[in-house]
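Here is the structure we will look at, set down as structure tokens.
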Amino acid sequence: MNQLRCCSIYVTLKYLLFVQASLVSACQQDKYFRSRNGITCCKLCNPGEHVEMECRDGQATVCKPCTTGFYSDVADNSKTCTSCTKCEQVVAKNCTSTNDTQCTCEDGHLCANRECTKCVKSTVCPKGKELLKLGDFDYIYECKNCSTNTYSDTEGGRCQNLTVCEKLGKKETSPGNSTHNTICGPIAPLPLGNPESLAPYLSVIIVASPLLLIFLISCLWKRNIEYITPMTMNQMENMLSCPLSKEEKGDLPIQAMDNKASKQSLSVIV
């Protein structure tokens, strides 16, 4: 009998825990929170407010606006608002009920932490170095040498990449270092042994050659039609036709023709 009673109590407790878990999981966490009894879903207070009284017995959550000097930038179930940040030097943006204060530093100073609530005097690095910020939350600053192939030629400047004269098609006249940039001279002559430098010129030649060839062929073709063809046709006519004698053409005078005829007749008589 006692065992049966214990089993029934155990089953009842498991059932209640299951129901409670189901109700809790049904609460939208971006809009509601679980009340103290672990069953009721209470509505979160909006940004700029805090919870004054949790929901209970069908009564909704009671929220109250944040007072001056406090803020709440998210919807939550906090009983209090967060105190506004106080700036050490310059207030960039005043605190409101929904946003914290934004701080900055005066000229010649740098932020000493992420919120910039504290400031430190800026360090001016010499040539060949740049100022480096170290830390994730609290910051410290130190001058660091420019890395390889970079330079800084001014005090308090940033390291920049050295100029590569070859990429500009120029010749290097003075190499660069950590404090001076590379100096480039006039345009460098084309290196014959470098295929990469010849590639642009070869591509132009390859594209232009067929066009130039077509242009020359068209010019010669027109010249043949205008000058060579008429002469060739006249020569062909002379070759195909039978040439006429001077008498047939009528080039000799009549007297000459009569004398030639009389001579021919005399030669026959003799």
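The values are calculated or read from the model by the stated rules, or taken from the named source; none is laboratory data. As the structure is a prediction and not an experimental result, all values here were calculated from the model. Neighbour counts are summed over all protein chains in view; Cβ atoms, including those assigned to glycine, are modelled from backbone coordinates with ideal geometry.
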Subject >> Of all residues making up region 123-151, the number that are in a loop (DSSP other than H, G, I, E, B) and charged (D, E, K, R) >> reply: 2
Original post:
What strands (runs of 3 or more DSSP E) completely inside region 34-109 contain at least 2 residues that are farther than 30 Å from residue 122 by Cα and among the polar types (S, T, N, Q)?
Top reply: none
Subject >> Those residues of region 155-174 which are β-branched (Val, Ile, Thr) and either in a helix (DSSP H, G or I) or surrounded by 13 or more Cβ atoms within 10 Å (Cβ to Cβ) (or both), in sequence order >> reply: 163, 164
**OP:** Residue by residue through region 77-114, note down the ones that are within 30 Å of residue 32 (Cα to Cα), out of contact with any Phe, Trp or Tyr (no Cβ under 8 Å at 6 or more places or on another chain) and modelled with pLDDT under 95.
**Re:** 78, 79
Original post:
Is at least one residue of region 144-165 in contact (Cβ under 8 Å) with a residue 40 or more places away in the chain and not aromatic (Phe, Trp, Tyr)?
Top reply: no
Original post:
Given 111, 103, 125, 116, which one is surrounded by 12 or more Cβ atoms within 10 Å (Cβ to Cβ), at positive phi and within 37 Å of the chain's Cα centre (by Cα)?
Top reply: 116
